[in-house]
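Notes follow once the structure below has been shown.
Read-outs throughout are calculated quantities, based only on the coordinates presented, and are distinct from any laboratory measurement. Treat the numbers as computed from the prediction; the structure is a model and nothing was measured. Because the Cβ atoms are built from the backbone with ideal geometry, glycine has one as well, and the counts that use them run over all protein chains shown.
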Amino acid sequence: MSSMSVVVPVYNEEENVANLHREIVDAMEGMLKAGTIDKYEIIFINDGSKDGTDRVCRELHPLKYIQLRRNFGQTAAMDAGIHAATMEYVVTMDGDGQNDPADIPSMLSYMIENDCDVVSGWRKNRKDTFMKRFVSRGANALRYMLIHDGIHDSGCSLKIYKKECFEELYLYGEQHRFIPALLEIKGFKVGEVVVNHRPRTAGKTKYNWKRTIKGFVDMISVWFWHKYISRPLHLLGGLGLGFMGLGGICGIWSVVLFVIGRKMSQNVFPPLLTIFFITIGVLLFVFGLVSEMMMKTYFETRNERPYTIKEIIEIER
């Protein structure tokens, strides 16, 4: 038997939270009757709403209600809810009613059958505007090239996690979209299930170009974390050596021009390029060494390692 926490960040969703809460309760009670879970909790995090969301949430039950002091963003609200969760499984979803709580039982079944640590929803038939779908597909294509976490739809908030996934994971910026990628880096198994996606029937969308840019910047951060978390010198040092190589080529070019009798006053470009490339190369290499030392200090001071152990088995003779 297992238990489940449902975590929902909400921001200016006065018209949606009551109906969403009722749907979540229906889904959880159905799982209780089916014997899939033996207890559950619902956690709503009010991310500094300016409408009547706070008033409506205080009238709902059962509910663990967290109110942030101001609007910190969806990632911060989700992180607060996840670390307030106490059950074995943690479900995250949006507060706008577009995620369907009825998908939770099938996602949990898939997780158990395939021994996954994370199961992400895939909104295969999205009910969003053309522009929102276009931007999302472009972001997913870029994410696939940079991170390649094995899922089609990182932007879908409907996901199920084992609680142990968040023992050493804290979220910043817009990183809630990349939780599966961050967990895959640590060695957790990620799965994906097609889920129902519904059109927004009330309230206004919170997505805009600013969130798109922030998401792209965080994607670059996750890419660097994925590729070079334990050895940043491989990236920065490699780039540094490349620039120093270009500087060496420009230096040879300068020497050849001098040997054939060209006046340096008429050919200042090659020597300037030599100095520029070598300087940039040395700086990048030094930054790589410094980053390497900082990463080692990071892991040692946090008593953390760039790997996770799933289990230890002792086999007797």
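Sorting TYR170, TYR110 from the fewest to the most surrounding beta carbons within 10 angstrom yields TYR170, TYR110. With the highest mean first, a sort of the peptides 80-90, 249-259 on other beta-carbon atoms found within 10 angstrom per residue produces 80-90, 249-259.
Of the cross-linked pairs LYS33/LYS64; LYS50/LYS189; LYS64/LYS124, those separated by over 27 Å at the C-alpha level are LYS50/LYS189; LYS64/LYS124.
Note on ASN125/VAL259: beta-carbon distance plugged into 1/(1 + (r/R0)^6) with R0 of 45 Å gives a FRET efficiency of 0.05.
Under 5 Å from the amide H of MET4 lie the amide H atoms of LYS39, TYR40, GLU41, GLU88, TYR89, each residue being 5 or more positions distant or on a separate chain, with H modelled from the backbone and absent for Pro and chain starts. Of the residues ILE43, ILE37, ILE112, ILE104, the one with the fewest other Cβ atoms within 10 Å heads the list, and the complete ranking is ILE112, ILE37, ILE43, ILE104.
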